[in-house]
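Bear in mind these aren't lab numbers, they're just calculated from the coordinates by the rules spelled out. Everything numeric here is computed off the predicted structure, so don't read it as measured data. Note that we place each Cβ from the backbone using ideal geometry, even for glycine, and neighbour counts take in every protein chain shown.
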Amino acid sequence: MAKEETGKVEERISKLEEDQLRIAKEFGKQGVAFFFTLAGMRIASLGQEKYKEYEKYMKDNINKANKQIGEAKDVDKVMTLAGKFTDDCIEYTESQFK
């Protein structure tokens, strides 16, 4: 393969990796937000005061998740962060029902 062809292939691979990371970030952020919304519906059954506490928790953590996911440099890191924030939300939600 000629050097020029190799360069084109490398450029295409790089572009695909960039697209993959961009898509993973968007889906990661949306997934975390969707899960937090579902958890909020569950928490709402505990009353207005608990839900207000949850809104603060959710807002702070959604902002933190979006920032960290947005700064991630690879798809594996995006997946790890999305899982971490989802797991944290599960733990928080379950603790409200104890």
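Which is farthest toward the positive dipole end of the chain among Phe85, Leu21, Tyr57, measuring Cα position about the Cα centre, with Cβ charges +1 (Lys, Arg) and -1 (Asp, Glu)?
Among Phe85, Leu21, Tyr57, the one farthest towards the positive end of the dipole of the chain is Tyr57.
Over 29 Å between Cα atoms: which of Lys50/Lys84; Lys3/Lys67; Lys52/Lys84; Lys25/Lys59; Lys52/Lys77 fall into that group? Could the numbers behind the result be given before it?
Values: Lys50/Lys84 23 Å; Lys3/Lys67 39 Å; Lys52/Lys84 23 Å; Lys25/Lys59 18 Å; Lys52/Lys77 31 Å.
Lys3/Lys67; Lys52/Lys77, as the Cα separations exceed 29 Å there.
Per DSSP H run of at least 4 residues, take -39500 (n - 2.57); add these up for the chain, divide by its residues and hand me the 222 nm value, nearest 500 deg cm²/dmol. Provide the component values of the computation, followed by the final result.
Details: 3 runs with 88 residues, N = 98.
So the helix-based figure for the chain works out to -32500 deg cm²/dmol.
If I take R0 = 30 Å and measure r between the Cβ atoms of Ala33 and Val9 in this structure, what FRET efficiency does the formula 1/(1 + (r/R0)^6) give, to the nearest 0.05?
On the way: r = 37 Å, r/R0 = 1.22.
It comes out at approximately 0.25.
Please rank Leu81, Leu16, fewest neighbouring Cβ atoms within 10 Å first, as an exposure proxy.
Details: Leu81 23, Leu16 10.
Ascending Cβ contact count within 10 Å gives the list Leu16, Leu81.
Could you give the angle, 0 to 90 degrees to the nearest 10, between helix 3-44's Cα long axis and the longest principal axis of the Cα atoms of the chain?
Helix 3-44 sits roughly 10 degrees off the main axis of the chain.
Pull up the cross-link candidates among the lysines for Lys8, meaning alpha carbon to alpha carbon under 24 Å and not fewer than 8 places away within one chain.
Straight-line reach from Lys8, under 24 Å: Lys73.
At R0 = 22 Å, how high is the FRET efficiency between Lys67 and Asp88 if r is their beta carbon distance? Nearest 0.05 is fine. Walk me through the intermediate numbers first.
On the way: r = 15 Å, r/R0 = 0.67.
That gives a FRET efficiency of 0.90.
Order of Met79, Met58, Met41 from fewest to most other C-beta atoms within 10 Å? Before the final figure, lay out each step's value.
Working: Met79 16, Met58 19, Met41 9.
Fewest to most other Cβ atoms nearby, the residues stand as Met41, Met79, Met58.
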